[in-house]
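Take a look at the structure below.
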Amino acid sequence: MRLPSHEDVLSAHERIAPHIHRTPVLTSTYLNGLAGAELFFKCENFQKGGAFKTRGACNAVFGLPDGRAEKGVATHSSGNHALSLAYAAARRGIPCHVVMPRGAVRAKKEAVLGYGGRVVECDPSYASREAALDRVRKETGADLVHPYDDPRVIAGQATCSRELIDQAGNLDAAIAPIGGGGMVSGTCLALSGEAPGTTIYAAEPEQADDAARSLRAGRIIADDAPETVADGLRAPLKELTWHFVSRHVADILTVSEREIVDATRLVWERMKIVIEPSSAVPVAAILKNTDIFAGRRVGVILTGGNVDLGGLPWARR
């Protein structure tokens, strides 16, 4: 297991700069009032491809030597990493093969195809995804770019928190959603090097709370294909992300499906921006745990905004 370093983060930021947005940090007086805290929202919903995943994907793709890049890249993903890798591969002009579970958000699947990626569908379980990816790699010889269990990807994701600290100044705490743990690992990597006084939290759906249970147990506990409206947070931790989570995350806060949907709608209505349910999980966690965050300056990473507008979660209730 190779751990990414702070020097890897600096190199990643320089490497990906021509291919990403430096996303804005927004504030909301209304949400500050509800939380009793100063909240600084890092808006990766405005990122290229609509999600933070573009950072890690671009770092992996543009860091490949020419000889390896020729055969393209491959991954499995429920959506945001898939479309981000397809975007990065298109920018470099190489093939991209993506294994996606049946039932993945239509907008995300269409984005992969729109960037010229090839989609291979599979059953929704994590085991099925990995088996299908193994077949694709054997057929194509493509370089594996794992959605989060990859030091190149984590170093790329770390650039998000690096920008956040530069834009918002000193923070007492930072919180991000957690599934497989790539963004949270990147947050740990960046802040431990540049803002070690910032307490790091993660937020997770109650119906996909394997990371929270893992942190309590002191070992990885993996669920296969949990059901949650936060479709980007269904993946289990891996050894690489567990390294960062177990050492740097103060707590993992869980929220209900109703709380996720209500927080999503609240951000849409009050901040006038489109976020997906996975992005709303840390917002819901802050509003549920105001005793933890009251009176503090808190960075909140809104990880993406790729939503199926034909199936908005509050319209299905």
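The values are calculated or read from the model by the stated rules, or taken from the named source; none is laboratory data. None of these values were measured; they are calculated from a predicted model. A quick note on method: Cβ atoms are made from the backbone with ideal geometry, for glycine too, and the neighbour counts reach across all protein chains shown. These area figures cover heavy atoms from the full protein model, side chains too; ligands, DNA and RNA do not enter into them. Shrake-Rupley method; radii C 1.70, N 1.55, O 1.52, S 1.80 Å.
In the chain, with Lys and Arg counted as +1 and Asp and Glu as -1 at Cβ, which of these residues, ALA222, ASN80, ILE260, has the Cα nearest the positive end of the dipole, that is, farthest along it? In the chain, that residue is ASN80. Just tell me which lysines come within less than 28 Å, Cα to Cα, of LYS288; anything on the same chain fewer than 8 places away is out. Within the straight-line cut-off, LYS288 pairs with LYS42, LYS53, LYS238, LYS272. Principal-axis analysis of the Cα atoms of the chain puts helix 151-168 at an angle of about 30° to the longest axis. Net charge dipole, the chain: roughly 560 debye, given to the nearest 20, about the Cα centre with Cβ charges of +1 for Lys and Arg and -1 for Asp and Glu. In a simple Cβ point-charge model (Lys, Arg +1; Asp, Glu -1; nothing else charged), the stretch 102-198 has a dipole of about 440 debye relative to its Cα centre. Restriction of the trypsin sites (Lys or Arg not before Pro) in the stretch 8-46 to DSSP coil positions whose beta-carbon has at most 16 other beta-carbons within 10 angstrom yields ARG22.
Each of the peptides 23-29, 68-74, 215-221, 179-185 was scored by the mean count of other Cβ atoms within 10 Å over its residues; in descending order, highest first, they stand as 179-185, 68-74, 23-29, 215-221. Whole-percent P(r), the stretch 231-274, all Cα pairs, 10 Å bins from 0: 21, 35, 31, 13.
Entry for the stretch 226-317 at q = 0.11, 0.14, 0.21 Å⁻¹: log10 I(q)/I(0) = -0.35, -0.56, -1.15, Debye formula applied to identical alpha-carbon scatterers, no solvent contribution. For the chain, carbon and sulfur atoms together expose 47% of the accessible surface, with a 1.4 angstrom probe and every protein chain in place.
Values (1) 28, 21, 19; (2) 45, 27, 16; (3) 37, 25, 15 are given for comparison; semi-axes √(5λ) of the Cα gyration tensor in Å, derived from the coordinates here, is the one labelled (1). Axis of helix 6-16 versus longest Cα principal axis of the chain: the two differ by about 70°, to the nearest ten degrees. Note on the stretch 1-102: Cα Rg divided by 2.2 N^0.38 Å, N the number of residues, gives 1.29. The modelled label-to-label distance for the pair VAL120/ALA315, using points 7 Å beyond Cα in the direction of Cβ, is 3.4 nm.
Measuring between their Cα centroids, the stretch 174-252 and the stretch 1-67 lie 17 Å from each other.
For VAL73, the amide hydrogen comes within under 5 Å of the amide hydrogens of CYS96, HIS97, ASP143, counting only partners 5 or more places away or on other chains and with H modelled in the peptide plane.
Between GLU121 and MET100, the built amide H atoms are under 5 Å apart, and every one of these is 5 or more places off in sequence or on another chain. Computed from point charges on the beta carbon alone (+1 for Lys and Arg, -1 for Asp and Glu), the dipole magnitude for the stretch 9-62 about its Cα centre is near 200 Debye. The angle separating the long axis of helix 239-248 from the principal Cα axis of greatest extent in the chain is about 20 degrees.
For the stretch 284-317 versus the stretch 69-129, the spacing of their alpha-carbon centroids is 26 Å.
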